[in-house]
Structures are given as structure tokens and as C-alpha cells.
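Asker: Here you go, one structure.
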Amino acid sequence: MFESMRAARSLSPLFLGIFFMFIGDALVIASAGIMLKESGHSELEIGAISAFFFLGAIFSGFFVPSIIGALSYVRAYAVFTALFGIAAMLHDLGSNLVYWAILRFILGFCYYALLMIIESWINSKITNSIRSRVLAIYEAVFYGAFAIGVIILALNFGTMKVFVLSAFFIILALLPVNLIRFNPPRVPARMRVSMPQISIVPPLAFATVVCAGILINGFFSMASVFVLSAGLGVGSVGAFMGSAMAGGFLAQLVCGTISDKFGRKRAIMIVCVVGLTSCAALFFAKSFILTCALALMLGFGAFPLYSLAIARANDSITGEGASRVQISAAMLFIYSSASLCSPLIIGAMMKFLGANGFIWVFFAAMSFLFIFAIFRPEIAPKR
């Protein structure tokens, strides 16, 4: 416990910076769909624009590792944070679909570039014995910041003002990292522009991050559609999604400790059991209060998968340097590719099975991951 808190304190400037960045991200991501809908664009057009965000994310995996090697962690963080803020602010200048598609591509590229920098930075500074607990703090920062962003959005500042606020928080993320003295990781060796090396990802980490991409981004993309299809009404969307995010936040508080003490494999299997139990009950839930309680369990089961996948992937790597960047690039490439497919998969299932199609995707993914994990070995820690 004390070792993980010391590590978290040493990373506090980075955590403070990304806290502001995640608030800005929540504002620009959530408000974009609202503005497009108010402009009269169809759900298909909105979905296509959203897909450009993940296309940018996929392309970032090809170029960002070489940029980190050329610039260093701190300078690369500053460059992509500035570009992220500029792209957010430029939404205010027009609503043409092609223009927005370009901006969404830039946002996706910069956002996933920042995640690559942040995650390889964190993993370079911590050991396997505390990895999941520190990554849980990172995930908790995300959920706390995202919740604040949603609250700000609910204050109805107006869509255009929201983009300015988003850019403000994103640019604010530059200050802690550049003003507070701390030791960043050493600059990794410069790498050539190339496709992310997904072959270096351990099988269980690969399967887990694929499921995480499908379930987490599928939830954020399609949960509102599920609630409306289930006949619960527009006012129920916030409560359902908020309950799931609360479950995800609670999961970060306990899964890190379980993972570090008992292994990533067992932690993955435990959260899958919680998620599967929730799915089975959701098929029969009639009460809205019960549905929200089960949504909390669903979030507890699905949302920790990403940080557990990162921990599993980094367990077989020692030290700092290019290997951390390469594993982060590979993981984010897999995650963003799965995220790109998730709304299509869930949408197709809901078209044929109705609202229950949403639940079936979660049930199938977690069942597969649980069974797959049974036959995978634990990775012996390298300290």
C-alpha cells in the first residue's frame, strides 16, 4: 500500500494534468453528438463522424512511438495536448460534416497519442508488485474527471461555450507537467514509423483488451439506445449510465489490490463473473431501481478490463525505454480497432434481438474471456 502511494505521489503532476485533460475530453466528446443531432443530422451520419475519431486513434499507433523517441515524453505530451485543445476549439467554427470528420480524426489521433504517452510513462515508473493499484488510480482519475465533465455539460452552457470550456481544460493540462519538478522516464530509443507490434502482446492481455474495447466503448456508444429501446425513457439514460460508471469507479478501488495480490488472471475472471451475473439478471429485470443496481454491477465487471489488460501486458517487460512505448502502442491499436467495431456489433445485435441484443454482446464477450482465462497461465512477476 505504502509503495503504491509513493509511486502515485511521484506521478502526481502527471495525474493532475490528465485529470484536466479528461474533463476536456468528456466535454468535447459528449457535446459533439448533441450539436450534430440539433443540426438535424441522422444517427447514421453521427455514427460515421464518430468513427473518424477511432480511425485517428488507429493511425496514432503507427506514428506516435517514433515521435516520443524524437521529442521525449514531456515534449510529446505538450505537443499533443496543445493540438488536442486546438482541435476542440475549432469545432466552434462550423458544422459541415466533412469539416467535423477531419476534426474528429485529429481528436482521436491526439487523444490516443496522449494515452500512449501517459500509459507508457506510468508503466515505466512502477513495478509489477504495485502495477494494478497505480493503474487503478489512473482509471479512477479518468472516471472522476469524466463525471465532472458530464456535470458541467448538464449545466447547459450552450454547445459553443462547451467547446471553449473543453479547450480551456485541455490546455490547463499542460501546466502541472511543465511547472512542477519531477523525474519523467528516460527518452526511449527513436523508432521507425511502423505498424504496432501486436505480436508482442500476451494472449490474455490481447483477448482482454479486445473485450474491453468492445464493451467499454460499446457501452458509451449504445447504452442510451438500449435504455430507450427497453422503454425506460430519456430521463432514465443518465441514471443508468451514471450507475455503470459508479460501478467502474468502485471496481478500480478493489481490483488493483486483488490483481497485485492474486494475479491478473484471477482478477479478470472475478470481474467477468460479476458482469455475467449482472447480464443474466438484466434479462429479467422489471424495476428501474433494480436495473440501475445491475448497471452498477455491469460497470464493475466491464470497466476494469482495460487496466487489467495493461497490467497483464506490462508484466513481461522490465525497465523503461522503447519496449514500454511499443506495448502501449500495440494495446491502444487493438483497443481502438475493437472500439471502432463495437457500435456496429451492438447495433446489429439490437436490430435482430431488440434491446436484449445489447445485453447478449456483454454476456458473450465476458463468457468468452472467462473461459479463455481459465486456460491461460499466470505470468511470473519480474521485479
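This table checks each residue for (1) modelled with pLDDT of 90 or more; (2) not hydrophobic (A, V, I, L, M, F, W, C).
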site: MET269; (1), (2): yes, no
site: LEU276; (1), (2): yes, no
site: CYS279; (1), (2): yes, no
site: LEU294; (1), (2): yes, no
site: MET297; (1), (2): yes, no
site: ALA302; (1), (2): yes, no
site: ALA311; (1), (2): no, no
site: ASN314; (1), (2): no, yes
site: GLN326; (1), (2): no, yes
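Asker: Does any residue of the range 247-257 turn out to be surrounded by fewer than 17 Cβ atoms within 10 Å (Cβ to Cβ), in a helix (DSSP H, G or I) and in contact (Cβ under 8 Å) with a residue 60 or more places away in the chain?
Answerer: yes
Residue-by-condition table, conditions (1) touching a residue at least 40 places away in the same chain (Cβ under 8 Å); (2) over 24 Å from PHE206 (Cα atoms); (3) out of contact with any Pro (no Cβ under 9 Å at 6 or more places or on another chain); (4) part of a helix (DSSP H, G or I):
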residue: ALA295; (1), (2), (3), (4): yes, yes, yes, yes
residue: TYR306; (1), (2), (3), (4): yes, no, yes, yes
residue: SER316; (1), (2), (3), (4): yes, no, no, no
residue: GLN326; (1), (2), (3), (4): yes, no, no, yes
residue: ALA329; (1), (2), (3), (4): yes, no, no, yes
residue: TYR335; (1), (2), (3), (4): yes, no, yes, yes
residue: LEU340; (1), (2), (3), (4): yes, no, yes, yes
residue: ILE346; (1), (2), (3), (4): yes, no, yes, yes
residue: MET350; (1), (2), (3), (4): yes, yes, yes, yes
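Asker: Moving on. Can SER367 be described as within 19 Å of GLY299 (Cβ to Cβ) and surrounded by fewer than 20 Cβ atoms within 10 Å (Cβ to Cβ)?
Answerer: For SER367, the condition - within 19 Å of GLY299 (Cβ to Cβ) and surrounded by fewer than 20 Cβ atoms within 10 Å (Cβ to Cβ) - is met.
Asker: In the range 202-252, which residues are farther than 22 Å from MET350 by Cα and either among the small types (Gly, Ala, Ser) or not assigned by TED's automatic domain parsing to the domain that holds ILE310 (or both)?
Answerer: Those that are farther than 22 Å from MET350 by Cα and either among the small types (Gly, Ala, Ser) or not assigned by TED's automatic domain parsing to the domain that holds ILE310 (or both): ALA205, ALA207, ALA246, GLY247, GLY248, ALA251.
Asker: In the list ARG131, ARG75, ARG104, which residue meets the criterion of being at pLDDT below 85 and part of a helix (DSSP H, G or I)?
Answerer: ARG131
Residue-by-condition table, conditions (1) without any contact (Cβ under 8 Å) to a residue 60 or more places away in the chain; (2) buried (at least 20 other Cβ atoms within 10 Å of the Cβ); (3) among the acidic types (Asp, Glu); (4) out of contact with any Ser or Thr (no Cβ under 9 Å at 6 or more places or on another chain):
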position	(1), (2), (3), (4)
LEU83	yes, no, no, yes
ARG133	no, yes, no, no
TYR138	no, yes, no, no
ILE170	no, yes, no, no
PRO176	no, no, no, no
ASN183	no, no, no, no
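The values are calculated or read from the model by the stated rules, or taken from the named source; none is laboratory data. All values derive from a computational prediction rather than experimental measurement. All Cβ positions, even for glycine, are placed from backbone atoms using ideal geometry, and neighbour counts span all protein chains on display.
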